[in-house]
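The structure appears right after this line, and notes come after that.
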């Protein structure tokens, strides 16, 4: 019988994912067509989407989705080909998307599969990027949570990533002024020259804090946070009254044993927050009446079709641009690609 490779969680990382240690590959027999139950398909994975949220799925903590169990195939979505089917909806030869996990083959119920329906000008991997969960996250985060409107000043951290790059472009389409933050000069140039951001800054620049304050002298209406940490703290100090802070991610903190946040120390009946400057910025939430709201894209599942239609229209009209980082080498390179994601090696959507 032919075999295939799947990647399983070997141990929970304490901080960063370690290639060759956190995950382990296994060889398994490819299921036969006759073994499928009614409504099931055999999905051959062609592309996997790699997302920062995957790091959170490895932690044994309460969250919006159960953690990946030790020994289980790593969770993930992908594009694939239906190579065997007992589903009337998905005949053999259909290209589709599904939550296939890090596996070359998987048996999926038709309820968890979607046909690859691409608009004019799209490429297959757009189903994992601008038309997939990352694009939908940008759409709902900015429009539903951020409630962006014409004339707003929007700041986006992680702006050269899969979600951030779409956030900034949608904000521009809605008539906002946009400042993007990225970690390389080449990414800063891409945001301004290709995507049309009004301004962009390299947060690794030694003068970043000074430049950020200058670039936000008009103060922030909407802050779309993909990074957390020190940059979030700095953004709080530059918020307008009633600013909306969209809490999408905190990639700077996911691999830390002790994620950074306001430090609180109880002394007798007095609560002291340290360091002092961070306490002051945190207090801006109160004095500026800032609304900070977290969300996950699954909250808006009933609106996916509407959002995809709009994103597809913008893409076809050339109003929405994208870039993807394709990692070659097959399923065994998935963990290296995930490590690279946290090292800032991708621009746009990382696809393996």
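General remarks:
Here is a yes/no grid of residues against (1) over 14 Å from residue 310 (Cα atoms); (2) modelled with pLDDT of 95 or more; (3) surrounded by fewer than 24 Cβ atoms within 10 Å (Cβ to Cβ); (4) touching a helix residue (DSSP H, G or I) at 6+ places or on another chain (Cβ under 8 Å):
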| site | (1), (2), (3), (4) |
| --- | --- |
| 124 | yes, no, yes, no |
| 144 | yes, yes, yes, yes |
| 155 | yes, yes, no, yes |
| 159 | yes, yes, no, yes |
| 172 | yes, yes, yes, no |
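- Residue in segment 33-56 that is farthest from residue 295 (Cα to Cα), counting only those that are at pLDDT below 95 and assigned to a loop (DSSP other than H, G, I, E, B): 50
- Residues that are in contact with a helix residue (DSSP H, G or I) (Cβ under 8 Å, 6 or more places away or on another chain), within 20 Å of residue 335 (Cα to Cα) and either outside the structural domain of residue 35 (by TED's automatic domain parsing) or not in a strand (DSSP E or B) (or both), drawn from segment 66-87: 74, 75, 76, 77
- Here is the figure for segment 88-103: residues that are surrounded by fewer than 20 Cβ atoms within 10 Å (Cβ to Cβ) and in contact with a strand residue (DSSP E or B) (Cβ under 9 Å, 6 or more places away or on another chain) total 7.
- Enumeration of residues in segment 209-237 that are surrounded by fewer than 17 Cβ atoms within 10 Å (Cβ to Cβ) and closer than 20 Å to residue 249 by Cβ: 230
- Taking the conditions (1) at pLDDT 95 or above; (2) surrounded by fewer than 19 Cβ atoms within 10 Å (Cβ to Cβ); (3) touching a strand residue (DSSP E or B) at 6+ places or on another chain (Cβ under 7 Å) in turn, residue 28 satisfies each one other than (1).
- Strands (runs of 3 or more DSSP E) contained in segment 267-349 and holding at least 3 residues at pLDDT below 90 and closer than 21 Å to residue 116 by Cβ: 324-326
- Any hit, segment 212-227, residues being within 24 Å of the chain's Cα centre (by Cα), closer than 28 Å to residue 162 by Cβ, modelled with pLDDT of 95 or more and not in a strand (DSSP E or B): yes
- Test set (1) under 20 Å from residue 340 (Cβ atoms); (2) touching a helix residue (DSSP H, G or I) at 6+ places or on another chain (Cβ under 6 Å) - residue 20 fails condition number: (2)
The values are calculated or read from the model by the stated rules, or taken from the named source; none is laboratory data. Model, not experiment: these values are computed from the prediction. Backbone-built Cβ (ideal geometry, glycine too); neighbour counts: all protein chains shown.
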